[in-house]
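The values are calculated or read from the model by the stated rules, or taken from the named source; none is laboratory data. Every value quoted in this text rests on a predicted model; they were computed, and no experiment measured them. Cβ atoms come from the backbone with ideal geometry, glycine included; neighbour counts cover every protein chain shown. Protein only, heavy atoms only, side chains kept; ligands, DNA and RNA dropped before computing areas. Shrake-Rupley method; radii C 1.70, N 1.55, O 1.52, S 1.80 Å.
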Amino acid sequence: MKVDYDVIVIGAGHAGCEAAHAAARLGVSTLLITLDMNKIAQMSCNPAVGGIAKGQIVREIDALGGMMGIVTDRTAIQFRMLNRSKGPAMWSPRSQSDRRKFSDLWRDILEHTPNLNMWQDDVVDIIVGEDGKVAGVKTALGVTFNAKAVVLTAGTFLNGLMHIGRVQARGGRVAEPASTGLTARLAAIGFVTDRMKTGTPVRIDARSVDFSQTTVQEGDTDYHHFSYLPDVKRTLQPRPCYILYTNERTHDVLRRGLPDSPLYNGQIKSIGPRYCPSIETKIVTFADKTEHQLFLEPEGETTTEFYLNGFSSSLPIDIQIEALETIPALRDVVIYRPGYAIEYDFFDPTQLHHTLETKLVGNLYFAGQVNGTTGYEEAAGQGLIAGINAALRVKGEPEFTLGRDQAYIGVLIDDLVTKGVDEPYRMFTSRAEYRILLRQDDADMRLTPLGYRIGLADERRYRLMETKQHQRDAFIEFAREFSIKPALINPYLERVGTAPLRQGVKLIDLILRPQLTVEMLREEIEPLARWIDENIETERRDEILEAAEILIKYDGYIERERQNAAKLTRLESVKLRGKINYADVKALSTEARQKLERMDPATVGQASRIPGISPADVNILLLLLGR
């Protein structure tokens with residue numbers, strides 16, 4: 001049996017799958033070790049991918065050559081573009097997936113990826129060589145695997161402990177064992193570890209639901225999807241979701257259960273996600289609210305199992321059921337399993353470089369929830385970067401990182417390694433200071449050239465991106481040059497309620513009007529429709545025209561943000577690590593000296609984002625560097 005590998009990935013969740021696939025695709029021998037090969041890429045919580053800012057991460061993964069977008073599209077049973085009422089920087093794709101088919105497709109992909117093997121086992125020890133670099137792993141079955149790099153993506157399994165009321169059970173997910181021993185081993189090496197908490201809602205049998213008491217929420221049927229590859233389509237039968245609400249009776253029942261709630265009786269001492277609170281936290285935090293919105297979401301294309309989004313809970317089973325029965329649509333509810341909370345170990349992410357390599361042990365990488373994040377998308381983005389860098393390290397090639405002005409993945413990792421976490425980290429558009437540059441529509445333009453350069457994005461993907469860019473830019477140039485006479489368009493402008501023309505204008509001037517879109521003008525102006533038919537490929541026409549229209553309408557905002565990002569880039573180019581002995585710089589505040597010593601930032605830009613580092617401290621650093 002083969003026991004020597006270039007890269008070993010521990011854990012086959014969303015981070016582990018992306019890490020293993022990326023490393024193997026980059027040409028290094030890779031082993032993926034998981035506790036259960038039937039639970040690969042398991043959607044432990046809701047069977048959905050994307051959402052606010054998370055959808056942008058998935059498109060970035062796809063643009064780089066990762067797989068989450070492809071798997072999501074091919075297993076989707078509902079797709080929606082969120083925030084369409086806002087500007088394009090806020091548009092975020094989200095998809096419901098068939099839980100079982102999502103996992104099955106990921107396994108099929110991994111099984112057919114060259115250079116990648118899998119092993120079902122529990123890793124109990126990480127071997128560190130005398131040179132301070134990782135050398136391999138030991139498993140519960142007594143097997144030693146040797147490796148030049150290791151990526152740890154253990155999710156919620158490290159000493160996982162589940163809570164339902166006062167009942168406790170060890171496990172990484174319901175009915176799945178926890179992973180023990182690894183945290184203690186890493187703590188003995190010197191890693192700082194702590195505990196976090198997350199949770200999941202009850203699962204409901206749809207046959208017991210009165211859907212007439214709900215509001216139907218259909219998905220979108222247009223051209224939008226996650227992957228930039230035109231042949232990746234949604235093929236499963238679409239299914240709607242359903243909206244319903246709690247009421248004051250529901251809240252009364254939930255309050256009665258609070259003394260037995262692990263969150264409020266001291267049983268759980270770790271921190272949970274502030275932005276995805278349990279239902280019991282909602283009724284305590286928002287005591288004045290008489291109702292909370294819930295979503296019934298199907299778990300698959302044909303299954304009767306539904307996920308009750310918004311009702312995450314660790315209350316006793318009888319309280320959960322009694323509370324559900326107060327909701328009209330669920331008065332006869334039958335459940336498959338109750339909601340539960342889970343506590344697990346994580347490692348302070350400030351112990352990592354931007355490559356996600358640990359500072360303590362060379363060639364050891366951490367990715368996913370072990371870094372204090374929450375969400376499939378955040379995990380997958382980290383896994384992709386960790387897998388890429390593990391492979392590049394083995395190959396002796398330059399490391400790969402993303403800046404805050406390049407990708408949400410770059411924002412995510414920079415936040416983690418620079419600021420650390422005091423609660424499960426979840427991505428939001430508000431975390432990105434340059435979100436107009438990080439739109440979901442242009443992730444391919446931003447990142448596919450980078451993925452192609454390192455060898456992860458293939459030739460076909462790169463050529464598709466080039467063609468799209470050429471046709472997009474050609475349309476913008478056409479819009480700048482093509483003239484529109486008042487007689488041609490004024491009757492239409494009056495019908496849609498925008499000012500008629502007094503003289504001829506260029507097409508671009510009409511597109512700039514907020515009341516008009518390219519598609520609207522295309523239907524009214526025959527020469528425009530003819531030019532589009534002759535110059536833009538049919539299969540991706542809507543996508544290309546949308547990209548062009550966004551650049552036209554938001555050109556001023558985009559250019560201003562590029563200029564602001566350029567200022568950031570200047571600070572990022574000023575190297576800092578190893579150049580200053582902070583303890584000797586009395587001009588720095590005591591807090592600044594302590595944090596700079598502990599964090600050891602690579603650049604002045606990174607130092608400026610460390611909490612507690614003031615603009616005055618940054619100026620002192622620049623002076624000391626002669627800048």
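Listing for the model above:
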item	result
Qualifying residue in segment 306-315 (condition: assigned to a loop (DSSP other than H, G, I, E, B), touching a residue at least 12 places away in the same chain (Cβ under 8 Å), touching a helix residue (DSSP H, G or I) at 6+ places or on another chain (Cβ under 6 Å) and open to solvent by 10 Å² or more (accessible area, probe 1.4 Å))	no
First in segment 90-112 and within 21 Å of Y242 (Cβ to Cβ) and touching a residue at least 60 places away in the same chain (Cβ under 8 Å), second anywhere and open to solvent by 50 Å² or more (accessible area, probe 1.4 Å) and part of a helix (DSSP H, G or I), Cβ under 6 Å, 6 or more apart	none
In segment 46-61, the residues that are at positive phi and over 8 Å from the mean Cα position of the chain (by Cα)	G51
Given (1) surrounded by 13 or more Cβ atoms within 10 Å (Cβ to Cβ); (2) within 25 Å of F211 (Cα to Cα), number of the condition K289 does not satisfy	(1)
Residue list for segment 428-487, filter: under 29 Å from L26 (Cβ atoms), under 22 Å from the mean Cα position of the chain (by Cα) and β-branched (V, I, T)	T448, I454
Whichever residue in segment 190-242 is assigned to a loop (DSSP other than H, G, I, E, B) and hydroxyl-bearing (S, T, Y) and, among such residues, is farthest from L545 (Cα to Cα)	T214
Qualifying position, being surrounded by fewer than 16 Cβ atoms within 10 Å (Cβ to Cβ), touching a Cys at 6+ places or on another chain (Cβ under 7 Å) and in contact (Cβ under 8 Å) with a residue 12 or more places away in the chain, among Q217, Q213	Q217
Test for L186: is it part of a loop (DSSP other than H, G, I, E, B) and hydrophobic (A, V, I, L, M, F, W, C)	no
Elements of type helices (runs of 4 or more DSSP H) in segment 533-627, at least 3 residues being polar (S, T, N, Q)	555-572
Residue check, P514 touching a helix residue (DSSP H, G or I) at 6+ places or on another chain (Cβ under 6 Å), assigned to a loop (DSSP other than H, G, I, E, B) and either over 30 Å from A386 (Cβ atoms) or at pLDDT 95 or above (or both)	no
Extreme residue, nearest to C45 (Cα to Cα), among residues of segment 158-175 that are assigned to a strand (DSSP E or B) and within 25 Å of the chain's Cα centre (by Cα)	R173
Residue within segment 110-118 that is of a type outside the set (G, A, S), surrounded by 15 or more Cβ atoms within 10 Å (Cβ to Cβ) and in contact with an Asp or Glu (Cβ under 8 Å, 6 or more places away or on another chain) present	yes
Count of residues meeting criterion [of a type in the set (F, W, Y), touching a His at 6+ places or on another chain (Cβ under 7 Å) and surrounded by fewer than 19 Cβ atoms within 10 Å (Cβ to Cβ)] in segment 326-373	0
Given (1) out of contact with any strand residue (DSSP E or B) (no Cβ under 7 Å at 6 or more places or on another chain); (2) part of a loop (DSSP other than H, G, I, E, B); (3) over 26 Å from R431 (Cα atoms), number of the condition R84 does not satisfy	(3)
K269 vs. criteria under 29 Å from the mean Cα position of the chain (by Cα) and open to solvent by 70 Å² or more (accessible area, probe 1.4 Å)	yes
Verdict on T72 being hydroxyl-bearing (S, T, Y), open to solvent by less than 10 Å² (accessible area, probe 1.4 Å) and over 30 Å from E546 (Cβ atoms)	no
Condition broken by I319, with the remaining ones in (1) closer than 30 Å to D414 by Cα; (2) assigned to a helix (DSSP H, G or I) satisfied	(1)
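Residue-by-condition table, conditions (1) part of a helix (DSSP H, G or I); (2) acidic (D, E); (3) without any contact (Cβ under 8 Å) to a residue 24 or more places away in the chain:
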site	(1), (2), (3)
G381	yes, no, no
A391	yes, no, no
V394	yes, no, no
E397	no, yes, no
I409	yes, no, no
V421	no, no, no
